[in-house]
Amino acid sequence: MPISVKKLSENIGAEVEGVDIALGVDDKSFQQLRDAFQKYAVLVFHDQDITDEQQIAFSKGFGSIEPSLPNDPLGHGRPVFYISNVDENDLIIPPEDTRTLYQSGNMLWHSDGSFRRVPLRASLLSAKVVPPAGGDTEYASLRTAYSSLPEPKKAELEGLIAKHSMAHSRAQIAPNLLSKEFQDEIPPADHLIVRTISETGEKVLFVGSYASHIIGWPIDKGRSLLKKLLEWSTQPQFVYRHSWCVNDLVMWDNRYCLHRGRPWDSGSQKRIMHRTTLAGDGPTVG
Ligand code: OGA
Ligand code: MN
């Protein structure tokens, strides 16, 4: 079956048909998918009943896998992250549990791994169990966020560097959500706000809830600019909202978009997603 790609919203996202991830994807198809990924930043595949191994093999068609960090509470060093409100005994984790609060950081707009010196390139998320309502994921185009800025604003932002940190993100949810071991593993990282994508030379606005302040500026002034830029970047016309079905796989380029999860009745409905991530190609600041 030939691959077809259908645009999903004005500025970001496309739905792909004609791919069966479980059967394996040939080189020619991977090339088509890589081109579509570059163009749309978010690709949606339906009806993919896949194992973790099949998800890993598919992910490798787009780059090299970056396993989770050893102390990451969702991955424990493995290549697959379990984004889930269900524990090892198949019981729902209560909303007030620290594990739930840690994961609710995913509901703040972010780019995966932007707290790392080499931020993650892309993420692939497959839906195993979805709630009957809610639990959508939204994607906002950082490409459009940059290109639609007025020219003087672009010039003003050029060269500014933001400090990104996991601690800053989780402090917006509740105190003490990070283990000492995990915190030691992820020191804050510096990134240019106006980021140039290596293979295309395109510029994007690299913001999100991990961005804490601007280097060399008073904290409050930097934070207020970052807040404004985040609001700008996530205006409704820059966003695609995905409502999940079981066996959907959605992949996104963390350089070209921000994403956030949306709430659902997590105290009584299960939601289980498996994520793989692809390594970035280098730091944004020398
Ligand atoms: C992620 C993430 C949001 C969601 O997997 O990186 O942020 O809706 N997920 O599960
Ligand atoms: Mn995420």
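Comparison of Leu205, Leu249 shows that the only residue that is within 15 Å of ligand 1 (Cβ to nearest atom), in contact (Cβ under 8 Å) with a residue 40 or more places away in the chain, under 17 Å from Ala41 (Cβ atoms) and hydrophobic (A, V, I, L, M, F, W, C) is Leu249. Pick from region 160-200 the residues that are closer than 27 Å to Ser147 by Cα and of a type in the set (D, E, K, R): which of them is most open to solvent (accessible area, probe 1.4 Å)? Per the stated criteria, the residue is Glu199. Every listed requirement among (1) within 16 Å of ligand 2 (Cβ to nearest atom); (2) within 17 Å of the chain's Cα centre (by Cα) is met by Asp281 save one, (1).
Tallying residues that are open to solvent by 80 Å² or more (accessible area, probe 1.4 Å) and under 17 Å from Glu15 (Cα atoms) within region 216-264 yields 1. In the set (1) at pLDDT 95 or above; (2) part of a helix (DSSP H, G or I), Gln183 fails one condition alone, (1).
Does region 83-91 contain any residue that is on the phi > 0 side of the Ramachandran plot and either modelled with pLDDT of 95 or more or not acidic (Asp, Glu) (or both)? Break it down stepwise before answering.
Start the filter on region 83-91 by keeping residues that are on the phi > 0 side of the Ramachandran plot, which leaves 90.
If we keep only those that are either modelled with pLDDT of 95 or more or not acidic (Asp, Glu) (or both) as well, we get 90.
Among the residues of region 83-91, at least one is on the phi > 0 side of the Ramachandran plot and either modelled with pLDDT of 95 or more or not acidic (Asp, Glu) (or both), which makes the answer yes.
Just to be sure before I move on: is Ser212 crowded, with 19+ Cβ neighbours inside 10 Å, of a type in the set (Ser, Thr, Tyr) and within 15 Å of Tyr139 (Cα to Cα) in the structure I sent? Criteria not met by Ser212.
Among the residues of region 262-278, those identified as within 14 Å of ligand 2 (Cβ to nearest atom) and β-branched (Val, Ile, Thr) are Thr276, Thr277.
Listed here are the residues, each with its yes/no results for (1) away from ligand 2 (no atom under 16 Å from the Cβ); (2) among the hydroxyl-bearing types (Ser, Thr, Tyr).
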position: His213; (1), (2): yes, no
position: Gly222; (1), (2): yes, no
position: Pro236; (1), (2): yes, no
position: Tyr240; (1), (2): no, yes
position: Leu249; (1), (2): no, no
position: Cys257; (1), (2): no, no
position: Arg260; (1), (2): no, no
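The values are calculated or read from the model by the stated rules, or taken from the named source; none is laboratory data. All values derive from a computational prediction rather than experimental measurement. Cβ coordinates were reconstructed from backbone atoms using ideal geometry, including for glycine residues, and neighbour counts include every protein chain displayed. Note: areas computed on protein heavy atoms with side chains; ligands, DNA, RNA excluded. Shrake-Rupley method; radii C 1.70, N 1.55, O 1.52, S 1.80 Å.
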